[in-house]
Amino acid sequence: MSPTRPSVLPAVLRLLSLLPLLLPTPPGVRGDCGPPPEVPNAQPILGGSTSFPEKTAITYKCNEGFVKIPGNPDSVVCLSNNQWSEFIEFCNRSCDVPTRLLFASLKKDYNMQNYFPVGSTVEYECRPGYIRNPFQSVKLTCLQNLTWSKAAEFCKKKSCPNPGELRNGDINITTGLFYGSPIFFSCHTGYRLVGESSSYCTLFDRTLKWSEPLPECVEIYCPEPIQIDNGYIQEEQEVYVYRQSITYGCNKGFNLVGKSSIYCTVTEDEGEWSDPPPQCIGKSSGYKPSPTAQKPTTVSVPATQRPSVPKATTSFHTTRVTERKETSPSGAVSLIYGFVAAAIIIGILILVKIFWDYGKSGSYNTYENNKAVNVMFHNLSETDDTSEVRHSDKL
């Protein structure tokens, strides 16, 4: 019987178990997790990497229209067992940032939040200058179509205090006395505005006040009236205001040319007189009204009297007077001519009557009739200086 030979099988198995340790390990095999897992509504940020050894971390970015859920991790890690760590879905749809309101602002709890899933709500508070309306909700909700519900006007504007009254002026209130509203100031005619022409209801230290104080309406004065030569101002005063008038008068021996009364008026907040002052002209000066008059006037004077006129117009007035003397008889001369003509006509009629009676009787009636005829005839032909009628002795 042959001797017992030791068994080699256990030694072979031990060598086979050590073989992986003796051979080189191919790259990308030991401790490699392979491609990152797929995450709903997100994409991994690889940066060009193809190998992911142990402890490698991969971060994800949410797809367009999705927002990261606060508190949920957005990355995975390669573990020692060549497996990726577990994850929770961290991208979801959300409404945009809440609606910005003019009269209210988001409460501080929502200022840093950017994830608003369907059904979530936000709450507002009134801005300074506004007051809460207790009958309206201050909350908005993210709807199924990812839009916010319509905001009610749950905050109303506060009002500024009454601005008061503007003496000698008006306050024009266009949109009320609420926060942000303007008011406008104007003065009555004859007054000038001193100060701002408008004011706004605004906020000062959380209190509503008017941005500008009330202006003043100051009375407008006309300049001191001009004194005129050879004349005076009746009941002269120290100051003259809108619509107040003055009346001029002339000294004895002078005529007033122009408007005797003028009044104070206003143009572009400046006082001025309605007309220029008149002039006082001597009665015998032959003065004509201002050159702007439409029809020049002339002065009637006797032929023996030379009018006294200003030097600049002496030749003009002298010519006018000379023409009047040569071409137009005076009123007295014209009257005398009329009486003479009437007397001649009456005398002719009397003579015709006498000759008619003589023809019938053949002679004069009597000496007394002849005497009467002669007296009448001589009275009509003699001048006013004749005191008696002389008769011929032959009669």
Tally, over the stretch 226-264, of residues that are of a type in the set (A, V, I, L, M) and either over 34 Å from the mean Cα position of the chain (by Cα) or closer than 16 Å to Ile281 by Cβ (or both): 5
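Name the single residue, out of those in the stretch 200-218 being charged (D, E, K, R) and more than 21 Å from the chain's Cα centre (by Cα), that is surrounded by the most Cβ atoms within 10 Å (Cβ to Cβ).
Taking the candidates together, the pick is Lys209.
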In the stretch 240-259, the residues that are touching a Cys at 6+ places or on another chain (Cβ under 9 Å) and within 11 Å of Gln279 (Cβ to Cβ): Tyr248, Cys250, Phe254, Asn255, Leu256, Val257
Could you say which residue among Cys91, Cys155, Cys126 is crowded, with 17+ Cβ neighbours inside 10 Å, touching a Lys or Arg at 6+ places or on another chain (Cβ under 8 Å) and within 30 Å of Lys55 (Cβ to Cβ)? Cys91
Within the stretch 206-245, how many residues turn out to be hydrophobic (A, V, I, L, M, F, W, C) and assigned to a strand (DSSP E or B)? 6
Test result for Leu203, among the aliphatic types (A, V, I, L, M), farther than 22 Å from Thr267 by Cα and assigned to a loop (DSSP other than H, G, I, E, B): no
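Could you list all residues from the stretch 174-187 that are within 15 Å of the chain's Cα centre (by Cα) and either outside any loop (DSSP other than H, G, I, E, B) or surrounded by 13 or more Cβ atoms within 10 Å (Cβ to Cβ) (or both)?
Start the filter on the stretch 174-187 by keeping residues that are within 15 Å of the chain's Cα centre (by Cα), which leaves 174, 182-187.
If the condition is that a residue be within 15 Å of the chain's Cα centre (by Cα) and either outside any loop (DSSP other than H, G, I, E, B) or surrounded by 13 or more Cβ atoms within 10 Å (Cβ to Cβ) (or both), then Pro182, Ile183, Phe184, Phe185, Ser186, Cys187 are the ones that fit.
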Kindly check whether there is at least one residue in the stretch 107-118 that is in a loop (DSSP other than H, G, I, E, B), within 19 Å of Arg206 (Cα to Cα) and touching a strand residue (DSSP E or B) at 6+ places or on another chain (Cβ under 6 Å). yes
Among Pro98, Pro134, which is the only one that is touching a helix residue (DSSP H, G or I) at 6+ places or on another chain (Cβ under 8 Å) and either outside the structural domain of Leu208 (by TED's automatic domain parsing) or surrounded by fewer than 12 Cβ atoms within 10 Å (Cβ to Cβ) (or both)? Pro98
Need the failing condition index for Glu268 against (1) under 30 Å from Pro128 (Cβ atoms); (2) surrounded by fewer than 12 Cβ atoms within 10 Å (Cβ to Cβ), just the number. (1)
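The values are calculated or read from the model by the stated rules, or taken from the named source; none is laboratory data. Source: prediction; values computed, not measured. Glycine also receives a Cβ, built like all others from the backbone with ideal geometry; neighbour counts cover every protein chain displayed.
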